[in-house]
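Structure, as structure tokens:
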Amino acid sequence: MNPETCVAPERAELIPWYINGTLGQEERRAVEEHLAVCAACRQDVAATRNLMRALDDQSPLPPADLYARTLQRIRPGGWRRLADASLAWFMPLPRPVRIVLVAQTVLILVLVASLGERGSFTTLSETSDRTGPGAEIQVVFGPQVTMSQIQGLLGPLGAMITSGPSSLGVSSVLVPIGPGHPAATADAALRRLRASTLIQFAQVIQVRR
Amino acid sequence: MSANGDPANTAERADVADRIRRAVETLPAGQRDVVELTFYHGFAYPDIAQILRIPVNTVKTRMFYARKKLQTLLEAAGVADES
């Protein structure tokens, strides 16, 4: 890489994101105009593409368009298509059969709800545990990860999701640390999370005392 | 047989990729995060700044030093002149 020999380092430093295709139109045009006159940066583009290709060759991680595909999947229209697909078996049934199935489902739900009335519960606005000590870690879960898998991962750590996922797919997780907890330190908690194949990215943001 | 289909060529590329991969793992955590979010996950640099809660200029600086180190390894592996 040659930004040091380039007369416009503010353009040269954008080359990685020029290559991964995430620059805005204006920045992209500025980089392209610069490349037309800067041999050092053209060489840098070729070298960085080689670097990206070498990383891709063995990367066990998802491809670079994961984010775009994840956004596509969670757009509202996606849920509607999922609902339509889920009801595809139901609609062709004769009307009497559909009525009986709906009635049975309602009855089962009422019975299950009555059984759960005596159980303990917490409200969604309950926040006492969310302000306790621990390591606040930002994570990006894999695209196919289910809620039960997340519970299976975070449960043994005593961890909980405190916010997210954001529009970027990032969730904040609070992991209790210290004596008496599965993870003694923030680093240990981070290692446990990074060791899981369910998580694509994890980074400690802060340690709450 | 094309160069890409040559078993020896494929093995050489895999070896280079393996060395690069290990080099990424030796980067300081801050630089490694920026490299992985850029090249593996395809994030824009403002998004990376938001995810890591650091200024965008810090994202660029970390990438600069990370690439410098990784590029040295690529040149040593003899693949820097390919296009």
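The values are calculated or read from the model by the stated rules, or taken from the named source; none is laboratory data. Note that this is a predicted model, so its numbers are computed, not measured. Neighbour counts are summed over all protein chains in view; Cβ atoms, including those assigned to glycine, are modelled from backbone coordinates with ideal geometry.
Results, tabulated for the structure shown:
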| read-out | value |
| --- | --- |
| Residues being part of a helix (DSSP H, G or I), buried (at least 19 other Cβ atoms within 10 Å of the Cβ), more than 11 Å from chain B (Cβ to nearest Cβ) and modelled with pLDDT of 90 or more - total across region A:1-38 | 2 |
| Residue selected from region A:151-197 under the condition among the β-branched types (Val, Ile, Thr) and away from chain B (no Cβ under 13 Å), by the criterion surrounded by the most Cβ atoms within 10 Å (Cβ to Cβ) | A:Val173 |
| Residue match in region B:59-67 (condition: without any contact (Cβ under 8 Å) to a residue 60 or more places away in the chain and within 23 Å of A:Ser172 (Cβ to Cβ)) | yes |
| Residue within region A:119-138 that is more than 14 Å from chain B (Cβ to nearest Cβ), modelled with pLDDT of 85 or more and buried (at least 17 other Cβ atoms within 10 Å of the Cβ) present | yes |
| Residues of region B:7-29 satisfying the condition of being within 9 Å of another protein chain (Cβ to nearest Cβ) and either farther than 22 Å from A:Val139 by Cα or in contact (Cβ under 8 Å) with a residue 24 or more places away in the chain (or both) | B:Arg13, B:Ala14, B:Val16, B:Ala17, B:Asp18, B:Arg19, B:Ile20, B:Val24 |
| Odd one out for A:Gln200 among (1) at pLDDT below 85; (2) surrounded by fewer than 20 Cβ atoms within 10 Å (Cβ to Cβ) | (2) |
